[in-house]
Each structure stands twice: as structure tokens, then as C-alpha cells.
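> Below is the structure I would like to discuss, written out as C-alpha cells.
The values are calculated or read from the model by the stated rules, or taken from the named source; none is laboratory data. Computed from a predicted structure; not experimentally measured. Every residue, glycine as well, gets a Cβ built from its backbone with ideal geometry; the counts of neighbours run over all protein chains shown. With ligands, DNA and RNA removed, areas are computed over all heavy atoms of the protein, side chains included. Shrake-Rupley method; radii C 1.70, N 1.55, O 1.52, S 1.80 Å.
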Amino acid sequence: MIDRTRAHHIYDRALMWLILGFFVLHMGNHLFVLLGDGPHIAVMDALRVVYRFPILEALLLWSIYRQIRAGIRQTKRFGLKKPRGVLAVLVWSGLYLIGFLVIHMSAVTVARYALGLDTNIYFGAAGYHVMPFALFFYPYYFLAILAGFTHWGAVLWLRNRARDPKRAMTQFRTLTFIGVVMACLVTLGMGGHLGGLTIPDTYLATYR
């Protein structure tokens, strides 16, 4: 007889690993912006063969929806005022990611299906190059990347703190440090400060 509790746990873990795998690949892809738009788009096109495969893309979207729903439940469980330290980081980074994902996925959907735009690096970076929108996009993306890594670190801390608190805190601090570095590099890259990045007028026009 199938242990439904165990099967559900395996299912949840599989979806979590799917999101984590996409996040790591997505962040790795973004680092190629430091080499210019050509290398970034070449890597993205190669990765899209995998993550835009219809079944996998549907699973990824379903996984993100489930994580958003779980995040809302966890926020209700912990509340907004009681958490302190790493637990507070877990709650607030999760809330930021929920807001970011809702906005980002809505924007991508409109761009792809209503405007007919390829949501590549130009789509993501265009807002950095048009004032006053740049004043929003610089902190918006920086905090999203940082929140992704700190949330990952906080989840590991929550799971491991009872068994090995020192290791759990080291994992949290390491991922937070990586998040700061990644957020700085990607934000500067998207803003065109560390490499050649020329945004086509088609993308800039969406902000004018």
C-alpha cells in the first residue's frame, strides 16, 4: 500500500528542487550579461530548450504557484511581528519574492502574448535604461536576487538549526553573501555598467 504522506513529501521535494534548479540556472545565465548581450542570449536560448518544453514549463509554473501559496500560509503561521533574526529574514524575503513573482510573471505573460516580445535580457534590462523607471528597477531586481538567496539560506537554517545550529548559520551567512555579490554583479550588468549592453528601441518603447 502506498504511503500517501511519504509520497506527498517526495512530490513536494521534487517541485522544490525543480524551482531551485531553475533559480540556479537563471542566476548563472544572468552572470553572462557581464560578457554582453550576445553571450547572455546564446546561453538563454540553450536553456530555453529545456525549461520552455511545454510539460516542464507547466510543472515549473505549478511549482511556483504552490510555493507562493505555501509562503502565504507560512506568513500567517509565523506572523509579521513575532519573528526575529533569521526567522524574520525567512518571512520577509518570502513576502518580497511573492510580490516579485506576481509582478514579474504578469509582466512576462503580457510581453509574450499581448506585445509579442521575446522576454530575453533586453526585456529584463530595458527598465534600467529609461528614467524615471530606473529608480524602481535597480532596487527591485537587486532585492529580488538578494531575497532569493537569503530565503534559500533561511530555509536551510530552519531545517538544520536543531541538528547542527553552527552549520545552519554558516549556510545562511554563506548564501546571504553570495546573494549580495550576485545582486551587485547582475544589477550592474543589467544597467550596462560592466559590459556591452545595447537595448533595442522596441523594448525601450514600452517605457515611453
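> MET105 fails exactly one of the following numbered conditions: (1) exposed (fewer than 15 other Cβ atoms within 10 Å of the Cβ); (2) farther than 18 Å from ASN29 by Cβ; (3) not basic (Lys, Arg). What is the number of that condition?
Going through (1) exposed (fewer than 15 other Cβ atoms within 10 Å of the Cβ); (2) farther than 18 Å from ASN29 by Cβ; (3) not basic (Lys, Arg) one by one, MET105 breaks only (2).
> Among the numbered criteria (1) hydrophobic (A, V, I, L, M, F, W, C); (2) assigned to a helix (DSSP H, G or I); (3) over 20 Å from the mean Cα position of the chain (by Cα); (4) surrounded by 15 or more Cβ atoms within 10 Å (Cβ to Cβ), which one does ALA7 miss?
(4)
> Just name the residue that is surrounded by the fewest Cβ atoms within 10 Å (Cβ to Cβ) out of those in region 148-192 that are of a type in the set (Ser, Thr, Tyr) and under 17 Å from the mean Cα position of the chain (by Cα).
Here is the first cut: in region 148-192, the residues of a type in the set (Ser, Thr, Tyr) are 150, 170, 174, 176, 187.
Imposing the further condition that a residue be under 17 Å from the mean Cα position of the chain (by Cα) reduces the set to 150, 176, 187.
On the way: THR150: 29, THR176: 19, THR187: 24.
The residue in question is THR176.
> A follow-up question, please. Residues in region 171-178: is at least one free of Cβ contacts under 8 Å to residues at least 12 places away in the same chain and part of a loop (DSSP other than H, G, I, E, B)? Before you say what the answer is, go through the steps one by one.
The first filter runs over region 171-178 and keeps only residues free of Cβ contacts under 8 Å to residues at least 12 places away in the same chain, leaving 177.
Checking the rest, the ones that are also part of a loop (DSSP other than H, G, I, E, B) come to none.
Looking through region 171-178, none of the residues is free of Cβ contacts under 8 Å to residues at least 12 places away in the same chain and part of a loop (DSSP other than H, G, I, E, B).
> Next question. Report, ordered by the first and then the second residue, all pairs with beta carbons closer than 6 Å, sequence separation of six or more or different chains, a first member in region 79-97 that is more than 11 Å from TRP152 (Cα to Cα), and a second member that is modelled with pLDDT under 85 and of a type in the set (Ser, Thr, Tyr).
From residues that are more than 11 Å from TRP152 (Cα to Cα), the pairs are VAL91/THR75.
> Hey, another quick one. Please verify whether region 92-102 includes one or more residues that are open to solvent by 40 Å² or more (accessible area, probe 1.4 Å) and over 27 Å from GLY127 (Cα atoms).
no
> Which residue out of TYR122, TYR140 is out of contact with any helix residue (DSSP H, G or I) (no Cβ under 7 Å at 6 or more places or on another chain), surrounded by 15 or more Cβ atoms within 10 Å (Cβ to Cβ) and of a type in the set (Phe, Trp, Tyr)? Spell out how you get there, then give the answer.
On the way: TYR122 fails: out of contact with any helix residue (DSSP H, G or I) (no Cβ under 7 Å at 6 or more places or on another chain).
Testing whether each residue is out of contact with any helix residue (DSSP H, G or I) (no Cβ under 7 Å at 6 or more places or on another chain), surrounded by 15 or more Cβ atoms within 10 Å (Cβ to Cβ) and of a type in the set (Phe, Trp, Tyr) leaves just TYR140.
> What are the pairs, 6+ residues apart or on separate chains, where a residue within region 185-204 that is within 17 Å of ILE41 (Cα to Cα) has its Cβ under 6 Å from a residue that is polar (S, T, N, Q) and exposed (fewer than 15 other Cβ atoms within 10 Å of the Cβ)?
From residues that are within 17 Å of ILE41 (Cα to Cα), there are no pairs.
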